[in-house]
Each structure stands twice: as structure tokens, then as C-alpha cells.
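Participant: First, the structure itself, so that you have it in front of you.
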Amino acid sequence: SLMRDQIILHQRISQLSGGYMRPIVAYNPWTDINEDDASLHLALDAVRNRGFKAVKIYPPMGYFPRGNANNSSYPTDAKHPNLAMLDAKLNAMFEECRALDIPVMAHSNESMGRRPSHNILGGPSGWKTFFAHPSNKSAKINLGHLGGETGGGDTSNWSADFVDLMGQGNQLYGDLGFWDGLVDGDIQAAERIKN
């Protein structure tokens, strides 16, 4: 279904729930590049006029949250937009969210990438670059999945790296949604967060 139809449906579900369900609207910078900021306009309408409480981004679709044009780690094994334009669209979305004082939720598990090489784009390195820019210190970010149980593979522990980034005075939060081990009561999964 069209994004606009999904927004209207979620607005209605929120109304029928008496406000118990608080919707989050998706944002796609690729759409904004190709369709003259259509995704940002839909997201802003959802927040300003339809009761949506946050914006959701999905970096594994092909982007770091900031600094794509200057990042030597950006995967170039697939067609991609002008990376400076991609950064401009993302910066505009984050600026609007800061102005509206709403959070941005982001997929932060090493999974579900547009291509396998894109799985890394929701990881700690992109968020370190994001928060290194002074204007982003006031951005409210919620990391969905907080790195996941296997985030970072054998080379790092994304969850621990995200926790370190949280300790640097950023408005950075995380949730453990879809951590199968925690749901199943796996104590070792919980211990991996600490280590």
C-alpha cells in the first residue's frame, strides 16, 4: 500500500486506541532524492497533523546516518545516489526532528540490508560520526535492537559500543526488541550486552 495510506491507517488505529498506540512514521532519503522531498513532507504531515510521535529510519537500506560522502567505509558495490545529496536529505530530516523535539528511531542490528554489504550501515561507526557533529548533540535517537545479539560479528560488540556512545552525553537510547535469546530467558545473551 502507499505510504500515505499506511499513515492514515496508523492515525486511525491510534485514535481508536485512545492514544494508547503511538505511531512512528518511516522516512526514506532515497525517496526524497528521487521525488523532491516527498518522504520528508509525508513524515512532517504525520507528526504535525496526524498524531505521530517519532520518525523511523532504516540505515541498512543504503546509508549511514551522516557523512556518507566522506566515509571511506561506504559500500560501493551497488548503485547509489549522489552521496552528498543523500547527506543533505538526511541532515534536513534530522534538523526537522530536532526542531519538532521528536526522536528518530533507527534499525541498529547488523541485518536486513539492501545488500549484504549494507548490514554495517546501522552500526556504531555511523552513529559516532553523527554525534561528532555539534548540531546533533541535541538529537534524540533510539537504536532499535541495540546492536542485536550478533551485531559487529567477530570484530566488535555493537551493543557495548552503543552503550559507550550513550555514556558520552548524547541523547541516545536503545531497545532490545527481537532479541530472541532474551525472550527465551537466555542469561548469556544478557551478559553479552555487558561485555
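The values are calculated or read from the model by the stated rules, or taken from the named source; none is laboratory data. A quick note: this is a predicted structure, and the numbers were derived from the prediction, not measured. Positions of Cβ are generated from backbone atoms using ideal geometry, with glycine treated the same way; all protein chains shown enter the neighbour counts. Each accessible area value is taken on the protein alone, full model and side chains, heavy atoms only, with ligands, DNA and RNA left out. Shrake-Rupley method; radii C 1.70, N 1.55, O 1.52, S 1.80 Å.
Participant: Given the range 110-195, what helices (runs of 4 or more DSSP H) lie entirely inside it while holding 2 or more residues that are at pLDDT 85 or above, open to solvent by 40 Å² or more (accessible area, probe 1.4 Å) and more than 29 Å from His80 (Cβ to Cβ)? Explain how you work it out, then say what you get.
Facilitator: Numbers: elements: 124-132, 158-166, 180-183, 187-194.
The qualifying helices (runs of 4 or more DSSP H) are 158-166.
Participant: Now a separate question. In contact (Cβ under 8 Å) with a residue 24 or more places away in the chain and within 17 Å of Gly147 (Cα to Cα): is that true of Met93 in this structure? Walk me through it before giving the result.
Facilitator: Numbers: in contact (Cβ under 8 Å) with a residue 24 or more places away in the chain: yes; within 17 Å of Gly147 (Cα to Cα): no.
So Met93 fails the test.
Participant: Now for a separate question. Which of the residues that make up the range 1-22 are in contact (Cβ under 8 Å) with a residue 40 or more places away in the chain and either of a type in the set (Ser, Thr, Tyr) or out of contact with any Leu (no Cβ under 7 Å at 6 or more places or on another chain) (or both)?
Facilitator: Answer for the range 1-22, where residues must be in contact (Cβ under 8 Å) with a residue 40 or more places away in the chain and either of a type in the set (Ser, Thr, Tyr) or out of contact with any Leu (no Cβ under 7 Å at 6 or more places or on another chain) (or both): Ile8, His10, Gln11.
Participant: For Asp45, only one of the following conditions fails: (1) open to solvent by 50 Å² or more (accessible area, probe 1.4 Å); (2) part of a helix (DSSP H, G or I); (3) of a type outside the set (Phe, Trp, Tyr). What is its number?
Facilitator: Going through the list (1) open to solvent by 50 Å² or more (accessible area, probe 1.4 Å); (2) part of a helix (DSSP H, G or I); (3) of a type outside the set (Phe, Trp, Tyr), Asp45 breaks only (1).
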